[in-house]
Structures are given as C-alpha cells and as structure tokens.
Amino acid sequence: MEERARSCLLRFKDTLEQDIKASYLMDHMVSDGILTNDEEARVLSKVCYEQAAALLEVLLMKDNRAYISFYNALVRESYGDLANLLHSGLPLLSPVGERSFADRVSPSVQAILSEGGVPQRPVVFVSRPALLNLIREKLYRLKNTSGWVTVFGMAGSGKSVMAAEACFPGGVHWLSVGQCERADLLVRMQSLCFRLEQGQSSDASQRTPCSVEEAKERLRFLMHRRFPRSLLILDDVWDSFALRSFDIQCRVLLTTRNRSLADSVSGTRFEVPVESGLDEEKALEILALYVNGKPQKLPEEALSIVSECKGSPLVVSLIGALLREFPDRWSYYLRQLQKKQFKRIRKSSSYDYEALDQDGYLFFCLLVFNHFISFMQVLSVLWGLKSEEVEDVLQEFVNKSLLFRDCNQRPYHYYLHDLQRDFLVEQNRDQIAELHKKMICQYQYRLYWYRFLPYHMAKAGLSKELYSLMFSLDWVKEKAQIMGSAHLINDYVEYGEILDEENSEVRLQFQEFLSLNGHNLEQRPFPDIVQLALSQPVCSEVYRQALMQAQKRASRGQLCLDLVNKNNQGSFSRLVVHPQQGSVYYACFSKDGSKIASCGANKALRVFKTTSGEKLLEFQAHDEDVLCCAFSPDDRYIATCSSDRKVKLWSAEQGTLIREFGEEHEEQINHCQFTNTGRRVLLATCSNDKCTNTKLWNPNKPTSQNTMFGHMEPVNHCCFSPNDAYLATSSSDGTLKLFGVSSANEWKSIDVNSFFPESDDEIKAIVKCSTWSADGSRIICAARNTVFVFDVKTSDMLLEMKTSRLSTVQYCHACPNSSLLAVALSHYTVELWNFETSKKKAECNGNLSWVHCVQFSPDGSLLLSSSSDQTIRLWETDRVHTSSAAALKRDSDVLFSHSDVTIVAPDSRNRLQVRSTRDMRIYEELQSRIRCTCISRSASFVALGTEDGTVQVLEVPSGKTLSKLTGHTRTVHHCQFTDDRETLLTSSEDTTVRVWKWRTGECLVLEGHKEPVRRFHLSNSSSSSHLFSWSFDGTLKVWDLNRGHMLQDLECHKGAVLSCDVSSDGHLFATTSADRTAKVWNSASWEMNFLLKGHKDCVRSCRFSWNNKRLATGDDNGEIRLWSMLDGALLKICSRDTKDSMDSFHGGWVTDLHFSPDNRVLVSTGGYIKWWSTETGEALQTFYTMGANLKKIHVSPDFTTFVTVDSIGILYVLKKVEGGSL
C-alpha cells in the first residue's frame, strides 16, 4: 500500500474504530476480492468492539486495492464522513499490478472507475464478448440522450460483473442498492451525493440531504451540472420505489432480477437479458483451468457439477479452486452440492451459495493491503508467523484460488479474488477497525522520517517497505524538495545492496535520474520533477510513473512535455542494466537476440530480456568469479567457465545444471564459446594453463574431445570462424593462432608481438582477444592500444587501427552484418571503427569504469558493453553509428507536416543531416563550414549557406546538388525559401541581402546596410511581398521584392538591431536592440507607435501574438515582458523569482519567443525552454536541456510539438502529453 494511503489509515484509525461496523463493510470487500472468507471469519470471531480494529489491521497488510475497496465500502454503507477522511489518501492504480479491469483500460481510467465505486473484475473471469458487446451497443444509444439500460437475470448470473465491464466515455458512478427500506435508501443516496461532491471547494459543499426527495434533486443537479456525460450504474435494484428515486433524466445502467422495474421510470429504455449462468462450455473451461487440464478430458462428474451450480460463475470457480487442491474429489463435491450440505457455499443478497470458509482470520488480515500483497514482514506481525510460514499460508490460499499470484514480480505479488470481498467484509465488520489500530501502532508517520525513514526500514529489515518507498517518484519529489537531492542519492548508495535484492535495475534508474538532475533539483523554485522524469528512457520506472502523473495532469489542462527522441541524448545507451554486485566480466546475446546472459565477480549467472532488462533467470553458477558465458546455437543451454577451473552447462529456461565437465584445466578458464551453427555443436574453452590451455568439448560428454597445443602462455580468448571450420586463439605469448576444428591441429600462427618493434623481448605484447569478419575472410585481434586486421588465407596484415596511446584495448567484436568493429578501452569508452577503412566512426560514452566486453547482437542492431561499474549498457548500433559520431549544430530549420517532423541541420563533421520521423539522411561533407540551413515547404529542397559565401540547393532525399550560388563574399548567416519554392533569400556578413532565382542563378542584390545582416523577415500579403532586414548598424530596411526597391530606411535604434517581427495582419512591426529598448512601428506611416522601455539588458527577441494584441520581448538578462499593442502599456513580466546558476532569469539570453494559436501560452528559449501563461505571467512548465545556449525553437502550428538543438549538439523533439489542452 502506498505510504500516503497507509498514513491516512493510521491517522484516522481511532475514529474509524469507534464508528464503523466491520461486518457491513466486509461484505463489500469480500465481493471485491480484497478479503478472504477466512479473514472475514477471523474478524467476526472477535468480540464486537474488537472487530473494527481487527479489520483495519488486515487492511494495513494489503495493497492499494484494499484501500480503494475499503473507501468504496464506506461510501456504499453510508459512512460518508469517514470516507471523506480517507479521500485524500486514495492511491493511483498500478498498470503493472492491477488486475481489476480490462487490459486495454488506461491507468487514469482505472483510477476514475475505482473512485466511482466500480467493482473490480474477478480474477477468475471468463469472457462473454457477445453479452458485453450487447450491453455496450445499448449504452451507445444513450450517447446523446438520457435513458435506461436494464441488465436483468437471476442472482449469481454475473450481471454485476458484466455491468462493471461497461465503461462509459464520461465516467462511471456505481451504487449498490440491494433490498433496502426508505431510510436505508436515503443513506445510499446520501453516500452517492457525497462521492459526486468530492473535489468541490468547501464553500461549494452542501449539507447532507434529509429526505429521499431532497437527495433525488441533489443527484439531479450533480449529474446534470458536474457529470453530464457520466453513466450511473445501479446494482441489484429490487423494487420500483428505489428505482424511481433515481429517475433524474441521466444515463443509467441498472442490474436487477426483475426486468419490469424499468417500466416505472420515464425516458428511453433498453433491455439486456443475462443468462442464469455460464453456458456449459464456459463453465467446463473454468474447471479445466483450475485442474490444469482440457475440457474434453474432465471426468463425467464435471458436467453434473456444472448442472448443480447452474453455471454460477462464483460457485464454479470455488469448486474449481477446491479441485485444484484435491483433484480426486469430483464425486465428493458433487454429492455435497446435490445434498445442499456444502457448508463452504452460502446464500446472500448477492449470491445463491455459501462462500469458502478457510482460515478466516488469516485471510481477513490480507485486507491490510490494497491491490496486492507483498509485504511479508507486515503479515508476520499480524499473523504471528515466521516469514516462511507466511509464504506457506499465502501459497495455500493461491492453491484454493482465494488469491492470485503474479510470478513476474519479485517478490511475488498476491491478489485477492474480487468475488471474496463482500463476504469477507460482512463476516468481519467489527474487526476491521482493530486490524487498522494494530497497524497504526506498528507504523507511525512523522516529518522526521523524510530523512530517517529509509534508515529505520533498513535497520528493521523491512526491505520490501524500503523498496516501495525508494522506488516512488512521489517520495523522490517530497524528500528532494525538503532535504535536497544529495540525501536522496546517498540513500540509494547507502542502501544499494538491500534495494538490489529487490530490483537492481530500478535502483539504478532512480539513482541515475537523480545524479543527472541533482543540480536542477537544487534550484528554487523547486522544478517540476515529473517533467524532469519524462526525459528518462521509456523502459525506466521513473519515466513510467512520471507519464502516469503527466497524463493525469493533462486531463486537467496542465502542460507536460514528453521527449520523443530520448535515444539522441547523452551516451545514446538505450538500456542500462545493473545485473549484479561487482564487476560484470562478460555478457552475450542469445542467438535469437531476445536475451542477454551476464556473469562476473558475484559468481552468478543472470539472464534477462534484451528489450526491457527484465530478469528471467539468476542463480549462483560457480564458487569463484564467473569469467565467461555463452549460449548454445539453439539457445537451449548456457555454458559458464570460472576461475574455479570448472566448466558447466545450464538449462537456459529453468537454470538447472545439465552437466559439469571434468576438471581438465589446471588454471582459471578465461573464455568459452559454442560453435555458431547447430550442425556439429562443440564448446571451446581456453585457460591460463601452460600447455593444455585450449580444449574442445562435446556437450553430451563429460570429458574433452580434443586439446589444441601450440601456446606456451595463457590463452585469453578463443572464437570459432563463422563456418565453424577454424578456432582462433589469442594468447599472452604475443601470438594469434588458427586451429582446424576437425583435426585440432594448428593451421596458422601470426606473431602479433612483431608489430611492436619497441617491445622488450621479455615483455611480449599480450593478444587480448580476436574476432572474425562476417564472411570469415579476415581475422581481427587486439593487443595493447592497437587493433590489427589480417587476411586469413595469407596471414598478411591488411591494416591497423591505433586507439588512444594512454589506453589499452580490453576487447573487440566485429558486427555480424557490416564492417563495424566495437572496441572496449580501459579509459571507460567504447569506440566504433570501420575495419575496412580504418576510421573511427563513433564513441559510446557512459560507462564509469573499465569495459571488459563488447558484443553486437546477432542481427547487428544492438551493441552491448559490460563494465566494472556493475552495468551492462545497450546501444542501438545505427543510432550510435550515425548520430553520436557527429553532434548537430544549432543552425537548423524544421518543417511540420501533419504528424511528420522534418529537421535539417549541419553536424560537427560539416555534413548536412535531414531527419524525419521516417528516416535520416546525411549528405556529403563540405569544405567550408555550414552556417545556415532552410527547407522548402514541400520538403523536397534544402538550402545551406557557408562561411565562404557559397549557397547550395540540394534535392531531398537524393542529396543531389541542384544549384550552387556564388556572390556573397563572406559568411552567409540566414537563408529562406519563398512559399513558391522558386526564390531563395540569403543574408550575409558582407552586409547584403540577395534574392535568388535559384534554378537559373539570377540574383537581385539588396544593398544599403553598413554592418552584417544576420537575419531578415519575409512578410507576404495578397498584393506584395515585403522584406524586413536589420543590422548591427542600428537600421531596419524594408524592401519591395516585386520591384527590388528599398521602401524604407529606418534608423530605429542607437545600438545594433537584434530582432524584428511583423504582426500577422501586417499593420505593425517591432524591432529590438542592444540599446535595451524595443519599438513598435506602423507599417503604413513608417512612424513609431510605441517606445518600450524597462529592460535592463540587450533586448534580443520579440514576437507578436496571433491576435496582434500583445508583443512579447526577451532580453539577455533572461527577462520576458508582455506589452499591450493598444496603448504600449506593460502587461506582465515573465521571469523567475531569483536568478539561476547562470546569473540569469532564463539560464542565459532569451533568444526566441512563440505564442500559442489561442494566445494564452508563450514559449521561450534561453538556457532552457519555458512555457508561460500570458494572462498571469507565471511559468507553466520548464524543460531543462543537457546543453545550454539554445539558439531558437521551432514550434508546430498546433503548438503541440517543439524542436530545438542545444549547445552540445543534442536534438530535442518535445511533444505535449495528451489528455488536456493548453
């Protein structure tokens, strides 16, 4: 259970114990599957005044589902005041653990349904799609009108379950009506009013309705005013009086046994009949699932049991649960049903049979948890049992189908069956409060605990509670805000060993998140931690929690931005896995690429998914360090070798030991590898032995098949050729040898040491490893800081690749389908080289210590590295190959077209890159530096300007040069196509602007400026096209492009003119200057309308709103001002409360500004990106980039996508999180 929810229960424990009647509430919670009948019975076994406390103790041992179920039960049973106390603690549902609703329902919808009181789906659930579609079809008819959908059928037929499946776009509100007198009906209506009024301000709340009629009118008002698109579900309605009390002209779905009830109300009516039970096929399917068999192979008693149960989903599942434990009792349970003597099935207002009566108190105690049970320590306290005994009891409940176990979680998560909830609550009403009282005594919440709670949990051995706390983004936010990030990072380091026992990957994700963003978390005002976390990798738990919160915020109209191109940041690693404590010496892909096996100093072997890092297997493989591991060609087995001189073969699925080979090596075994194909499977090993250091093994035999002689020093590495004909061995004797696999004889020997003439004869160059080219024609090996490529046939050296002279090569591996070579270096870096051209292509940074191993995936798409920093990092080969090798420059242009974004920018190698959502193109490197780029509206042409004054037009995607324009004598600073794509405008350091008919080379030169022209603005109207150009000479000039004449020459500022913008209607234009002023001009009279003063530094940017009523200006102090264009008055100042670490209000100069189409939001760039409310001047959101000094930002027309490049060349494509509007 979330800390917030648990604290809320503990805080109001005394009040709950005094007021609630446990037996009433437990009936609902058993129905929800939160309480077991055993737990309910144990609570009810207490004396009346102790039952409430006992129930609360059970709840505190459970997960978030229990809290929500308890809250809903309070509402249903008219404890509205008590429910109000718990409302603030309502937790969000976890999309990983939640089992209540359809998988396709989003977490936010799940939370809405839970708060609406909708019962959770039974874990033992059989789909009835035809019936569900019929209900939904009827509800769809109520899309635009009020009315009724009646779901009718016999008790236990599954009406409520089917109703709970019927989601509605505008929200759902559930009320269990049942058999009730007028007074009880009023209480239920009061509860519904209370629930619907949640979230209103205290001023808006009203007194509790005193009569049914008053409650009816209150509900009518709430449903029409607050929830006009919602669906009201009335469950188990018995009489027409109750139904008429809800005749309030809204959309209603009701379940009842009497189909004629709807005749008593007005409005459109539809009916959906529900069969009295499951059909024979579905019922047999349930029984077959419980006994792990097939329906057609069930004994003949199965049909009779289904008949006696009349297909009741509840009873069929309960009988199935018993049969799972006692599969030979078919006849016995059938007789009990036939004689009506089955004591474990009861009748109630909701169901026709008694529920199972199993260890009531123990099962009841599970109510302390909400959605799932995982805190064994809590159950140990409540039950008075050892942790092993607790697990045994939970397993017993699982066997009897009273609990569901999620084996994909570590530790296991246990879920209560929803059908048990109401029965459990009913049986233990008076003990729930006592249960919570016991939990409150165990867990106290204090502000002091923000600093010391992890410490106390660790000392108390509450590792699972520590895991829940430390892996919560809400906890990170609260503690960072109060204590700062340093304390949090220290917690992850201090308690790392405990946290890693639960989930080392998540610990690393939170720790890296804090390490990368700690400096931001120290800022005041405190940054939005959800927005910071949205930049984390998609596979990160930090990102998952942040996205859930961002989506919820977006539904309320708040702004959050998701970084679409996350893999373009930092080291470009796609996944970081922390598989074990200690160095990771080796890691390898399975042959199908879906898994990765790793081993290292912790003596264990671990297997995890390539896509997510999810652990599949982990076990201790050897008594000493495991130095290497390898998958067999069919991925069925994994071989390991160790410094304990042993070689072992394991099942890749179960992790069981298949074979331990004989100890034929006398020293540590450095490497092992299987043959590449399955034609003849062999395993090769090499060791530190003097002579017998390389061996071949048949996996089916305990002894080696062959020993290869030749090396007199340790062999560090061995690998088979692609066709398995040869085995290459790399040795400390300075040689690389090739052995024939069939004969085990030495075929070739290459003296690598001879290529180091400066080597001492006594200290040979150690050959660390070798790898084969994809076609097997070349063998590549590494020694010292050099990689050599040899021709296999001739043994000639083809080329050598020297890395840093201060580093040594630890490992190398050739890509199986290209000429890329990955090289692991001792200075913590992985480099990518082309071994055909001997050129380095990229560096993969991110490892914090020595990199021991690198390996490409079988298809070459991924690259992994393993390191002494206890991590395995994965990179996408293509992305690293093309992106990390050359950072982008900020001289970019972007075209937004529907859902596609096309980005054109030069890179650090002076090549033009064109990226889109579909692909990326990189064009030929230019001699002169590219200083500006632009793209045509059709995205078919791009233009670029260079430092030598040349302008080129390229065709996309071919990259063909369509035109090369010369005329500028100095750097071209800006270029732009006209809308017709036939004219190209350029401005230059040579003080001119040129208008090119780029297809013909015809050029019109606009002269007049005395200083460089950095930018210009093209203003198009129906009658003419005007060009506004400005310069450091303090002037702005307006040109008529149709005639090539200067229309106006304005000496508008005493200092350099830094920016200009023209209003959308063309009536006004603004200029800003280094003289700290901005001016607004009339386009008709060329007179100044307003002089805008107040900025304390150079005014670098400006932008008109789309309705032309406001002008935004930004200065080098980081301050943004909003001005009225009616009278030139200052409206708002947008800035932080204090300056940041860059001594600015915006991390640097405000370089660009854009208004949203509705003029309500302004986005600005400086040292980072900010979004502002134009009404209040307050910041709505901030996105911190890795680099600083953003030059500009490109904004999509709908203001949902934002693109920029930072100072270190990282591209950011931000997209507004869906769910709300700006």
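The values are calculated or read from the model by the stated rules, or taken from the named source; none is laboratory data. Model, not experiment: these values are computed from the prediction. Positions of Cβ are backbone-derived with ideal geometry, glycine not excepted, and every protein chain shown enters the neighbour counts. Note: accessible area is taken over every heavy atom of the protein model, side chains too, but ligands, DNA and RNA are not part of it. Shrake-Rupley method; radii C 1.70, N 1.55, O 1.52, S 1.80 Å.
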Leaving out ligands and nucleic acids, and using a 1.4 Å probe, what accessible area per residue does segment 637-730 come to in Å²?
38
Among the aspartates and glutamates, which fall within straight-line cross-link reach of K839, defined as a Cα-Cα distance under 14 Å, with same-chain neighbours fewer than 8 residues apart omitted?
E800, E831
Pseudo-spin-label distance S838 to E281, built 7 Å along Cα→Cβ, given in nm, is 7.2
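At a Förster radius of 51 Å, what calculated FRET efficiency corresponds to the Cβ-Cβ distance of H898 and S260, to the nearest 0.05?
Numbers: r = 54 Å, r/R0 = 1.05.
Result of the calculation: an efficiency of 0.40.
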Once both label points are put 7 Å beyond Cα along the C-beta direction, the F241-V1005 separation in nm becomes 10.0
Charge dipole (segment 1043-1119, unit charges on Cβ, about Cα centre) - positive-most of N1108, C1052, T1071
N1108
By how many nm would the segment from R929 to L1130 lengthen if fully extended, with 0.36 nm per residue of separation less the alpha-carbon distance?
68.1 nm
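Shape call for segment 788-915 from the C-alpha gyration tensor, a ≥ b ≥ c root eigenvalues: rounded (a/c under 1.5), prolate (a/b greater than b/c) or oblate? Each step should come with its number before you reach the end.
Numbers: a/c = 2.01, a/b = 1.61, b/c = 1.25.
In terms of gyration-tensor shape, prolate.
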Whole-Hz ³J(HN,Hα) from phi, Karplus 6.51 cos²θ - 1.76 cosθ + 1.60, for segment 553-566, glycine and proline x
4, 4, 5, 9, x, 8, 9, 9, 10, 9, 7, 6, 9, 4
Placing each pseudo-label 7 Å from Cα in the direction of the beta carbon, I482 and K1191 end up separated by a distance in nanometres of 4.6
Based on alpha-carbon atoms only, what is the radius of gyration of segment 901-1058 relative to the globular estimate 2.2 N^0.38 Å?
1.04
Within segment 1180-1195, name every residue whose backbone N is under 15 Å away from a label modeled 7 Å from Cα of S908 along the Cβ vector.
1186-1188
26 Å Cα-Cα reach of K386 towards lysines, excluding residues that sit fewer than 8 places from it in its own chain:
K46, K62, K400, K437, K438, K459, K464
Whole-Hz ³J(HN,Hα) from phi, Karplus 6.51 cos²θ - 1.76 cosθ + 1.60, for segment 1043-1059, glycine and proline x
10, x, 9, 7, 7, 8, 10, 9, 8, 8, 9, 7, x, 4, 7, 9, 7
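Among residues other than P295 whose Cβ falls under 13 Å from its Cβ, what is the net charge (Lys/Arg +1, Asp/Glu -1)? Walk me through the numbers before you get to the answer.
On the way: positive: K282, K294, K297; negative: D279, E280, E281, E285, E300.
Result for the local shell: -2.
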Which of K552/K1216; K552/K1192; K737/K840; K889/K960; K748/K840; K889/K1192 exceed 19 Å between C-alpha atoms? The answer is K552/K1192; K737/K840; K889/K960; K748/K840
Between V647 and residues 5 or more places away or on another chain, which pairs have amide H atoms under 5 Å apart, with H built 1.01 Å from N, and which residues are they?
F661
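For the pair H87 and Q18, what calculated FRET efficiency results from E = 1/(1 + (r/R0)^6), where r is the Cβ-Cβ distance and R0 = 30 Å, to the nearest 0.05?
That gives a FRET efficiency of 0.95.
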Around H973, which amide H atoms from residues at least 5 apart in sequence, or from another chain, sit under 5 Å from its own amide H, with H modelled in the peptide plane?
S987, S988, E989
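What does the net charge come to around D791 if you take all other residues with beta carbon closer than 11 Å to its beta carbon, with K and R at +1 and D and E at -1? It would help to have the intermediate numbers written out before the result.
On the way: positive: K748, R778, K793; negative: D796.
My count for the surroundings of D791 gives +2.
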Whole angstrom only: what separates the Cα centroid of segment 648-677 from the Cα centroid of segment 991-1061?
75
Amide H partners (placed H, <5 Å) of V901, local residues excluded:
T917
Expressed as a whole percentage, what fraction of the accessible surface of segment 731-851 belongs to carbon and sulfur atoms when a 1.4 Å probe is rolled over the protein heavy atoms?
48
Taking 0.36 nm per intervening residue step and subtracting the Cα-Cα distance, what contour gain separates N133 from E1051 on full extension?
323.2 nm
Note on segment 1094-1180: contact order normalised by length, alpha-carbon pairs under 8 Å, 6 or more apart, percent, works out to 24
From the backbone phi of segment 237-253, what are the Karplus-calculated ³J(HN,Hα) couplings (6.51 cos²θ - 1.76 cosθ + 1.60, θ = phi - 60°) in whole Hz, Gly and Pro given as x?
7, 9, 9, 5, 4, 4, 5, 5, 5, 10, 7, 10, 6, 10, 8, 10, 10
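Report the local net charge at G147: Lys and Arg +1, Asp and Glu -1, summed over other residues whose C-beta lies under 12 Å from its C-beta.
On the way: positive: K138, R141, K143, R251, R269; negative: D247, E271.
Once all neighbours under 12 Å are counted, the net charge is +3.
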